[in-house]
Amino acid sequence: MSGETRHTIGELARRTGLSVKTIRYYADSGVVPPTDRSPAGYRRYGPAAVARLELVRTLRDLGVDLATIRRVVNHEVPLHEVAAAHAEALAVQIRVLRLRQAVLTVAARRGSGPAEVDELHRLAQLTTRERGQLVADFLDTVFASLGDQPAYPGVLVSMTPELPDDPTTEQVEAWLELAELCRDPEFRARMRQLVRQHAADHDVPGLPRPDAVAVVRDAVAGALGLDPTSPDADPVVAAVTGRYASLHGHPDDADLRQRLLDRLVLANDPRRDRYLDLLSVINGWSTGDATVPAVDWFIRALRARLPEPAR
């Protein structure tokens, strides 16, 4: 008989922290068989059983099934192959759980009913191709007849969300909201108007130029603390209208100011900023400054300086 130390099942339980019942189950399953038995017929385990039980416990905690563990401890399959397979399976489960978490988070935030939850779940389950088709349909509607112009293919790319293969919960939530915006007929119509307005402002020879919103955003950033209807705001208004006039080759008169106001009123839709913010989250870009506060301020300032419409 070997001089190796033998442990009873009770001693093994104390050394590993596992219950006697669990060790007996592993022994009967052939995962950690006893080394031998005592003269009285009790199971006894050699020193290697402790390390083997530690490995079994670790693999069980990681979700590996007992049949696979038996193959590992019996050297029928390399541990690294089992680890790789289970890691991939867990990655799939995690992606599914993130999708579910995002749907439930959005539904809870909105107080959604069954129909909306079902629709959110459907949007979360779209394939990469289906997501691409949904966004392409939106952009085709918005940029119809303009996409072949030199400046617009790049704009289309910059407005296209690319949800990563392993998105965060935040990215999935952003996708759900952006997908709903893309399918909103009113938002589509507003964006289509805005794009055509932008195209009309740029239908002049020369280098690309900022649109009305960009001109306002750049000039108004430091003036938001002023009362837009007060004389203190006069220089800001003059700077914006003067630059807009020079960019488009028109005098800074009432007609140009009315045209600028019309452009800004159409552009001043919070959903436009929201689309861009959601796009940034999905694509992992930094979020830009919101334009709505600056445009709101300037619309009030410009209206206060335009003549009252004829009755």
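The values are calculated or read from the model by the stated rules, or taken from the named source; none is laboratory data. Predicted model only: the values in this text are computed from it and were never measured. Quick reminder, even Gly has a Cβ in these numbers, built from the backbone with ideal geometry, and neighbours come from all protein chains shown. With ligands, DNA and RNA removed, areas are computed over all heavy atoms of the protein, side chains included. Shrake-Rupley method; radii C 1.70, N 1.55, O 1.52, S 1.80 Å.
Data for the structure
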| read-out | value |
| --- | --- |
| Residues located in region 102-118, provided they are without any contact (Cβ under 8 Å) to a residue 60 or more places away in the chain, under 24 Å from ARG272 (Cα atoms) and open to solvent by less than 50 Å² (accessible area, probe 1.4 Å) | ALA107, SER112 |
| Flag if ASN268 is within 30 Å of LEU178 (Cβ to Cβ) and in contact with a helix residue (DSSP H, G or I) (Cβ under 6 Å, 6 or more places away or on another chain) | yes |
| Every pair of residues 6+ apart whose Cβ atoms lie under 8 Å, when the first sits in region 50-65 and is over 18 Å from ALA84 (Cβ atoms) while the second is in a helix (DSSP H, G or I) and charged (D, E, K, R) | VAL50/ARG15 |
| Among residues of region 27-41, those that are open to solvent by less than 30 Å² (accessible area, probe 1.4 Å) and either among the hydrophobic types (A, V, I, L, M, F, W, C) or modelled with pLDDT of 90 or more (or both), counted | 3 |
| Residue in region 130-137 that is open to solvent by 70 Å² or more (accessible area, probe 1.4 Å), over 24 Å from ARG272 (Cα atoms) and without any contact (Cβ under 8 Å) to a residue 40 or more places away in the chain present | no |
| Unmet criterion (only one of (1) closer than 29 Å to ARG60 by Cβ; (2) surrounded by fewer than 16 Cβ atoms within 10 Å (Cβ to Cβ); (3) touching a residue at least 12 places away in the same chain (Cβ under 8 Å)) for VAL82 | (2) |
| Test for ARG6: is it of a type outside the set (A, V, I, L, M), over 30 Å from ASP166 (Cα atoms), surrounded by 15 or more Cβ atoms within 10 Å (Cβ to Cβ) and in contact (Cβ under 8 Å) with a residue 40 or more places away in the chain | yes |
| Helices (runs of 4 or more DSSP H) contained in region 179-267 and holding at least 1 residues of a type in the set (Ser, Thr, Tyr) and open to solvent by 70 Å² or more (accessible area, probe 1.4 Å) | 234-248 |
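Listed here are the residues, each with its yes/no results for (1) modelled with pLDDT of 90 or more; (2) under 30 Å from LEU247 (Cβ atoms); (3) in contact with an Asp or Glu (Cβ under 8 Å, 6 or more places away or on another chain); (4) small (Gly, Ala, Ser).
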{"site": "ALA91", "(1), (2), (3), (4)": "no, no, yes, yes"}
{"site": "SER112", "(1), (2), (3), (4)": "yes, no, no, yes"}
{"site": "ALA136", "(1), (2), (3), (4)": "yes, no, no, yes"}
{"site": "LEU146", "(1), (2), (3), (4)": "no, yes, no, no"}
{"site": "ALA151", "(1), (2), (3), (4)": "no, yes, no, yes"}
{"site": "CYS182", "(1), (2), (3), (4)": "yes, no, yes, no"}
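Yes/no matrix, rows are residues, columns are (1) hydroxyl-bearing (Ser, Thr, Tyr); (2) modelled with pLDDT under 85; (3) under 30 Å from the mean Cα position of the chain (by Cα); (4) on the phi > 0 side of the Ramachandran plot:
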{"residue": "TRP175", "(1), (2), (3), (4)": "no, no, yes, no"}
{"residue": "GLN193", "(1), (2), (3), (4)": "no, no, yes, no"}
{"residue": "VAL204", "(1), (2), (3), (4)": "no, yes, no, no"}
{"residue": "VAL213", "(1), (2), (3), (4)": "no, no, yes, no"}
{"residue": "ASP227", "(1), (2), (3), (4)": "no, no, no, no"}
{"residue": "VAL236", "(1), (2), (3), (4)": "no, no, no, no"}
